[in-house]
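A quick write-up on the structure given underneath.
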């Protein structure tokens, strides 16, 4: 018995020795060079968090940006996109950006207005008549002034993206007259100006995150909202709020922001890749937003459970007249010069997009 035990132990030792040599356990020489590892230590990763679906103007633009950056940097810069609030929601993403937990976000203009009240200039109702004017506002002189303000909160501003005109979606009845807003619970983003907008209309504004909105609609806590067709479609809000008024009363746009310390840590070549990529896709992004909202409009019109309504000229004038005091409200809390510049930017357009 003792003999068999000694033999088994010896055999095990021999097998382990052979396997160790095959696996190079005791090899002291450097491993052979693998050219696929070239540059991995130098690769830059940008974690880009946003809260909407991939098949939206912002979602598609984020993916396009990641693709362009990868191509222009020849793989040196890797943009990891996290949609649908996977990492952070629209309530805490700015804090996450500022503390360096992520490097890039694309919040709505309205979400930035608590820190930068002057940004509410783009929340003003009935400013824009067409898409060409929106493009001029988001990429003209005003946009540069707005982005420059970000330095006061230690954030680097890069660009703006369009989502399009906002409409009114309602759970119970179509909203066409000012009187129909009376007492209506309406979701608003955290913008003092948007709260004031619905106060003037007689509604009851309720602020909630984009991620929590669906549940609050289900629970009948919110009966109406303002949003773009692409968001109403991609998030399925139309299933619970199927009465949609095509009001085109406001703009939904995004600021493209980066952590300031991270930006400063990049070399000039990497910074150029990022800015050039965004510049190259400016017109593409805008046209994509316009096209996608048109596609979603058709998809919603084909849905027998969704009903669309429009404003008559008289009703639109009634909305605008009721909301006129909001312009003075902005001048009291924002920067009147920004509003003047916005008018100058959109006056340069000829109305043809």
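Numbers at a glance
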item	result
Count - residues of region 281-300 that are touching a residue at least 12 places away in the same chain (Cβ under 8 Å), in a helix (DSSP H, G or I) and surrounded by 14 or more Cβ atoms within 10 Å (Cβ to Cβ)	11
Region 30-50: number of residues that are at pLDDT 90 or above and loosely packed, with under 11 Cβ neighbours inside 10 Å	1
Qualifying residue in region 130-147 (condition: assigned to a loop (DSSP other than H, G, I, E, B), in contact with a strand residue (DSSP E or B) (Cβ under 6 Å, 6 or more places away or on another chain) and touching a residue at least 12 places away in the same chain (Cβ under 8 Å))	no
Residue in region 175-214 that is surrounded by the most Cβ atoms within 10 Å (Cβ to Cβ), counting only those that are more than 21 Å from residue 94 (Cα to Cα) and out of contact with any helix residue (DSSP H, G or I) (no Cβ under 8 Å at 6 or more places or on another chain)	184
Members of region 73-97 that are part of a loop (DSSP other than H, G, I, E, B) and either buried (at least 19 other Cβ atoms within 10 Å of the Cβ) or free of Cβ contacts under 8 Å to residues at least 24 places away in the same chain (or both)	73, 74, 83, 85, 87, 88, 90, 92
Sole exception among (1) assigned to a helix (DSSP H, G or I); (2) in contact (Cβ under 8 Å) with a residue 40 or more places away in the chain; (3) more than 17 Å from residue 116 (Cα to Cα) for residue 305, by number	(1)
Subset of region 51-72 that is free of Cβ contacts under 8 Å to residues at least 40 places away in the same chain and surrounded by fewer than 17 Cβ atoms within 10 Å (Cβ to Cβ) - its residue that is farthest from residue 96 (Cα to Cα)	71
Failed condition for residue 119, given (1) touching a strand residue (DSSP E or B) at 6+ places or on another chain (Cβ under 7 Å); (2) crowded, with 21+ Cβ neighbours inside 10 Å; (3) closer than 14 Å to residue 253 by Cα	(1)
Residue 245 being surrounded by fewer than 18 Cβ atoms within 10 Å (Cβ to Cβ), modelled with pLDDT of 95 or more and touching a strand residue (DSSP E or B) at 6+ places or on another chain (Cβ under 8 Å)	no
Residue under evaluation residue 103, criteria (1) within 20 Å of residue 277 (Cα to Cα); (2) surrounded by 14 or more Cβ atoms within 10 Å (Cβ to Cβ); (3) in contact with a strand residue (DSSP E or B) (Cβ under 7 Å, 6 or more places away or on another chain); (4) at pLDDT below 95, criterion not met	(4)
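The values are calculated or read from the model by the stated rules, or taken from the named source; none is laboratory data. From a predicted model like this one, the values you see are computed outputs, not experimental measurements. All Cβ positions, glycine included, derive from the backbone under ideal geometry; neighbour counts span all protein chains shown.
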